Structures are given as C-alpha cells and as structure tokens.
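Below is one structure, written out as structure tokens; comments come after it.
Where a number appears in this text, it was derived from the coordinates with a stated rule and is not lab data. Computed from a prediction, not measured in an experiment: that's the story for all the values here. Note that we place each Cβ from the backbone using ideal geometry, even for glycine, and neighbour counts take in every protein chain shown.
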Amino acid sequence: MPEGDAVWRTARRLDGALRGRTLVRTDFRVPQLATADLAGETVHEVTSRGKHLFARIGDVALHTRLGMDGSWRTSDAGARWSRPAHEARVVLATKRVQAVGFLLPTVELLSLEQADAVRARLGPDLLDPEFDAVEARRRLDAERRRNLGEALLDQSNLAGVGNIFRNEILYVRGLHPDTTVADDPDLSRTIATARRMLLVNRDFPAIVTTGVDRRGQRTWVYGRGGEPCRRCGTRIERRAPVVTQTHGV
C-alpha cells in the first residue's frame, strides 16, 4: 500500500502535469459519478494530505485515494494506457496530457467546503512544511490506552504513516509492538522520528530507513520476519498485520 511519501510524489507529478491546464475530456468510471463532466474546467492545483489526494478543478474538488492497489499514471494525450482499461476509474485529459487513475478505492467530487472538512478530519500531514507537532501530540494523547502502532496508522492522528513506516518507527525508537501510547516514554520524539523518516524518503521511490539503498538492506524490520536483527542478531518475529479503523487508510 502506498504510504504518505508516495502519495506526496503522486500529487507533485499530477500537479506538474495538470496545473493551469483546461480539461478537454473527463471520464469518471464509478457509478455515482457516471454522468459527471468537467470538460472545459481548469485544474487549479493537485495536493496531498497524508494518503489522500485533492485536485481542485473549477469550483469543485476531486478527492481520491490510492488504497492498496491504486495508482495515477500520466502520459501524452492519446497515448496507450499502461494498465488495462477496465481498471481505470478516472480520466482527466488536456490537449497535451492525460492522467488516468487506476483501481482507486475512493473517487468523489466534493464542494471546496466538503474537501476542507475531509482534511480537517485528518491529522497533521507529516510532510507539510508547516507540520503541527503540538496538534499531532494532542491527538495521540487523546488515545493513551491505544496500541501505539495502531494509533500511528490512524490517519486522524497523523497523516502519512503506513505499515512500513509504522514498523520502522517502532524499531528505531526501541519500542515493543505492544507498546501503548501512554507507555511511550517520549511521544514527541516518536512523532519527530515519523516526520523525519517520511521527509528523508519523500523524493525517492524506494523506502530506505537503514541508510543503505540496496535491495534487501533498506529496512530494519519490515519484510524481514524470521531474519536476524541487523543490530543484535535476534530472530525477528512476524506478526499478523494490524487492522484498524481509520479515516481512509
């Protein structure tokens, strides 16, 4: 599943391709938007908040999520798509460029006020230049009995952490997976670690937390169940994935 860094890169790519351009064709291949048509409207900007994407088109906002298997692809107008047509959920085409969203679990057109409300439900974006660490701490403190890893995944607390970063954050902080929010001796440091990890990985396609960008050496614990710890040699225990109710993971 794409994490906040990948969604940030997607927003940057879409913004670079579409900002300021007029749409000549749109196609929304989801039942609730089957008759929607934004042809003739201008794309003002494409931004991300955590794992959510917002494209301001005319006086509405297109809100999408990548979920587990979704992606946005851009190419020259009229070029052959890189994925099967039946996987397409949104097509935004200008005279020169087309952007196609595939297998997107969330596709909705919102008023600008509704889009603001969605953003407000999400926690502070770890990649926001004006990231509000105090607000992030306040939201986590409100769930002190909750498992810390689960709380980090909840996008209403912090926007951007996915399962890879969750595992790596806990390891780097020396915290057991069963640690609760209340049992974290330095929650502010954990938040700072999360932000630093996403910032370091923001501009690169592969997540690297060890500082070694080589296949099989990029992470401390994620994807390494049964292998020895890189620091002490103890076998890493594999656990079932955390399942948590969040605001659109």
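As a calculated quantity, the FRET efficiency between residue 189 and residue 231 at R0 = 25 Å, using C-beta atoms, amounts to about 0.85. Compared with the direct C-alpha span, the chain from residue 81 to residue 239 gains 53.1 nm at full extension, assuming 0.36 nm per residue.
Summing Lys and Arg as +1 and Asp and Glu as -1 over all other residues whose Cβ lies under 12 Å from the Cβ of residue 142 gives a net charge of +2. On the principal axes of its alpha carbon atoms, the chain extends 58, 38, 30 Å, with the longest extent given first. Considering only DSSP beta bridges with both partners in the chain, what is the antiparallel share in %, to the nearest 5? Antiparallel bridges make up about 95 percent of those DSSP assigns within the chain.
Relative to the longest principal axis of the Cα atoms of the chain, the long axis of helix 112-121 makes an angle of roughly 10 degrees.
Relative to one another, the C-alpha centroids of the range 1-40 and the range 131-146 are positioned 32 Å apart.
Largest GNM mean-square fluctuation across 46, 60, 212, computed for the chain with C-alpha springs under 10 Å, falls on 212. Every helix of 4 or more DSSP H residues in the chain counts as -39500 (n - 2.57), and over all residues that averages to -8000 deg cm²/dmol at 222 nm. One compactness figure for the range 124-249 is 1.03, namely its Cα radius of gyration divided by 2.2 N^0.38 Å. Spin-label model, residue 196/residue 217: points 7 Å from Cα along the beta carbon direction are separated by 2.1 nm. Among the GluC sites (Glu not before Pro) in the range 78-163, those placed in a DSSP loop whose Cβ has at most 10 other Cβ atoms within 10 Å are 130. Over every Cα atom in the range 38-159, the radius of gyration and the widest Cα-Cα span, Dmax, amount to 16.8, 53 Å. For the pair residue 117 and residue 39, label points projected 7 Å from Cα toward Cβ lie 3.1 nm apart. Using R0 = 45 Å, the C-beta based FRET efficiency linking residue 180 and residue 30 works out to 0.70.
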